[in-house]
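Engineer: Just passing along the structure, written as C-alpha cells.
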Amino acid sequence: MKCIRVETRGNSEVLTCQDIPKPDCASGYLLLKVIAAGINFADIMQHRGTYPLQLPLPYTPGMEVIGIVEVIGGNVTDRRLGERVAAVSFEAGGYAEYITVRPEQAIPLPPEIDAHTALALLIQGLSAYLLLTHAAKIRSGESIMVHAAAGGVGSFLVQLAKLMHTGDVFGTAGTLEKRQKISNWGVDYPINYNEPNWHKTVLEITSGKGIDVIFDPVGGDAITQNLSCLGVEGRFVSYGWLSGNYPALTQTQCQSLLFNNQSVSGFAVNVVMERHPDIVGAALAQLFTWVQMNQLHPILGQVFPLKDAAKAHAAIASRTTMGKVILQVD
Ligand SMILES: NC(=O)c1ccc[n+]([C@@H]2O[C@H](COP(=O)([O-])OP(=O)(O)OC[C@H]3O[C@@H](n4cnc5c(N)ncnc54)[C@H](OP(=O)(O)O)[C@@H]3O)[C@@H](O)[C@H]2O)c1
C-alpha cells in the first residue's frame with residue numbers, strides 16, 4: 001500500500017511516499033480502507049522532534065482518518081463491513097491507504113456528514129468545543145481571545161463561541177486576508193499580533209477591564225502580553241506551543257494571578273478522550289447536529305493528494321493555510 005513514512009527528524013522534506021505491505025488485521029481490530037486523512041499541527045511538531053511524546057522512527061504520521069471497514073478482526077462484535085467511520089489514532093498511521101484501529105477508536109459517521117467535514121470536526125472541532133465547555137467552562141456573556149483564529153482549532157473556537165453566546169470575541173491572525181476572514185466567521189475584534197502593543201489595544205477596547213478567557217495555542221514570550229490583558233477572575237488556557245516554546249511565568253506574574261483571582265490551566269484533548277468518553281461522544285453528537293442544522297460551518301482549507309503530504313505540511317508550517325488541511329487518499 002502507499003503511505004507516507006518519516007525515517008529521520010526534520011522539516012517537511014522528511015515525509016516521503018513509499019510502498020509498504022498492507023497491515024494484517026489482528027484479533028480485536030478493524031482494518032480500514034482510508035478515504036482521507038486529516039493534518040494537525042502536532043503532526044508537524046512530531047517530525048520536527050519538538051513534540052514531547054515522540055513516536056519511534058520510522059513511522060507513518062496521521063492521527064485521524066475517515067475510512068471504510070474492510071476487515072473485522074476476531075472477537076469484534078457489533079461492527080459492519082463497508083461501514084464508514086471516523087477514527088482517531090494517537091499512535092499515528094493515518095497517512096496511508098490502510099490503517100488498523102480498535103473498534104472503540106472508530107465512530108460510525110452520519111451519512112449527511114461528508115468525509116472532509118468529519119475530519120475537520122474530529123480533533124480540531126472537538127478540541128475547540130471541549131476548550132470552551134470542559135477546560136474554560138465558559139459562561140454566557142464572557143469575552144474571549146482566540147489566538148491563531150484562522151487556523152483549524154481557532155476557526156471552530158470563533159464559531160462555537162457565537163453559538164454558545166459568549167460576549168465579545170477577540171481573534172488574532174497574522175495577515176490582513178486572515179483578519180478579514182475571521183471577521184466574517186464571527187470575530188468582533190480582529191487583532192494583528194505582529195503589532196507589539198496588541199495587548200494595549202485590547203485593554204483600550206475593553207475600557208481597561210481585559211478579557212475573561214484567553215485560549216492560547218502559541219506559548220512562548222507572548223504570555224506577558226496575554227496576562228497583561230487578562231481580566232480579574234480571568235482564565236488563561238494553554239493548549240499548544242506553535243512558537244516552539246512553552247510559556248514561562250515570572251514571580252511577579254504569579255503574584256498578579258493571586259491578587260486578581262486569575263487562573264492558568266492546560267488542556268489536552270487525548271486526556272478527555274481517555275477519561276471521559278461519554279463527554280466526547282456527546283460533544284461530537286452536538287457538533288454533527290450543528291453542522292446538519294447549518295449552524296456550524298467547518299472551514300475547509302486545502303486538499304492535497306496523499307503523495308504530496310510534504311507540500312501540505314510545508315504550507316501549514318509557512319502559515320499560509322486556513323481551516324482544516326486534508327490529504328485525499330482514495
Ligand atoms: N491540546 C490539544 O488537545 C490540542 C488539540 C488540537 C490542537 N492543538 C494545538 O493547537 C494549535 C493549533 O493547531 P491546528 O492544528 O489547528 O493548527 P492551525 O491553527 O491550523 O495552523 C497553524 C496556524 O497557527 C498560526 N500561528 C501563530 N503562531 C505561529 C507560529 N509561531 N508558527 C506557526 N504558526 C503559527 C498561523 O496563523 P497566523 O498566520 O494567523 O499566524 C498558522 O496558520 C497547535 O499548537 C496544536 O498543537 C492542541
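Engineer: So which helices (runs of 4 or more DSSP H) stay within region 112-183 end to end and still have 1 or more residues that are touching a strand residue (DSSP E or B) at 6+ places or on another chain (Cβ under 6 Å)?
Structural biologist: 115-120, 152-163
Each row is one residue, and each column tells you yes or no for (1) within 16 Å of the ligand (Cβ to nearest atom); (2) touching a Ser or Thr at 6+ places or on another chain (Cβ under 8 Å); (3) open to solvent by 50 Å² or more (accessible area, probe 1.4 Å).
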| site | (1), (2), (3) |
| --- | --- |
| Pro21 | no, no, yes |
| Gly38 | yes, no, no |
| Tyr59 | no, no, no |
| Ile66 | no, no, no |
| Ala96 | no, yes, no |
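Engineer: Separate question: Any residue that is within 16 Å of the ligand (Cβ to nearest atom) and of a type in the set (Ser, Thr, Tyr) - is there at least one of those in region 301-318?
Structural biologist: Yes, some residue in region 301-318 is within 16 Å of the ligand (Cβ to nearest atom) and of a type in the set (Ser, Thr, Tyr).
Engineer: Also, quick follow-up: For the subset of region 319-330 comprising residues that are within 12 Å of the ligand (Cβ to nearest atom) and charged (D, E, K, R), which member is farthest from Ala148 (Cα to Cα)?
Structural biologist: That would be Lys324.
Engineer: If I ask for residues that are closer than 18 Å to Gln295 by Cα and open to solvent by 40 Å² or more (accessible area, probe 1.4 Å), which ones from region 164-187 would you list?
Structural biologist: Those that are closer than 18 Å to Gln295 by Cα and open to solvent by 40 Å² or more (accessible area, probe 1.4 Å): His165, Lys181, Ser183, Asn184, Trp185.
Engineer: If a residue must be surrounded by fewer than 21 Cβ atoms within 10 Å (Cβ to Cβ) and more than 9 Å from the ligand (Cβ to nearest atom), how many such residues does region 207-221 contain?
Structural biologist: 4
Engineer: Would you confirm whether any residue within region 243-258 is closer than 30 Å to Leu300 by Cβ, of a type outside the set (Ser, Thr, Tyr) and either open to solvent by less than 40 Å² (accessible area, probe 1.4 Å) or in contact (Cβ under 8 Å) with a residue 40 or more places away in the chain (or both)?
Structural biologist: Yes, region 243-258 contains at least one residue that is closer than 30 Å to Leu300 by Cβ, of a type outside the set (Ser, Thr, Tyr) and either open to solvent by less than 40 Å² (accessible area, probe 1.4 Å) or in contact (Cβ under 8 Å) with a residue 40 or more places away in the chain (or both).
Engineer: Just checking, does region 239-255 include any residue being within 16 Å of the ligand (Cβ to nearest atom) and assigned to a strand (DSSP E or B)?
Structural biologist: Checked against the condition, which is being within 16 Å of the ligand (Cβ to nearest atom) and assigned to a strand (DSSP E or B), region 239-255 yields no hits at all.
Engineer: Of the residues Val237, Val271, Val264, Val232, only one is among the aliphatic types (A, V, I, L, M) and open to solvent by less than 40 Å² (accessible area, probe 1.4 Å); which?
Structural biologist: Going through Val237, Val271, Val264, Val232 in turn, the sole match is Val237.
Engineer: Applying the selection to region 68-79, what residues are in a strand (DSSP E or B) and either open to solvent by less than 30 Å² (accessible area, probe 1.4 Å) or within 22 Å of Val325 (Cα to Cα) (or both)?
Structural biologist: Residues satisfying the conditions are Ile68, Val69.
The rows are residues; the columns are (1) open to solvent by less than 10 Å² (accessible area, probe 1.4 Å); (2) at pLDDT below 95.
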| residue | (1), (2) |
| --- | --- |
| Gly28 | no, no |
| Val34 | yes, no |
| Met45 | no, no |
| Leu53 | no, yes |
| Met63 | no, no |
| Leu81 | no, no |
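The values are calculated or read from the model by the stated rules, or taken from the named source; none is laboratory data. Bear in mind the structure is a predicted one, so any value in this text is a computation, not a measurement. Cβ: placed from backbone, ideal geometry, glycine included. Neighbour counts: every protein chain shown. Heads up: the accessible areas ignore ligands, DNA and RNA and are worked out on the full protein's heavy atoms, side chains in. Shrake-Rupley method; radii C 1.70, N 1.55, O 1.52, S 1.80 Å.
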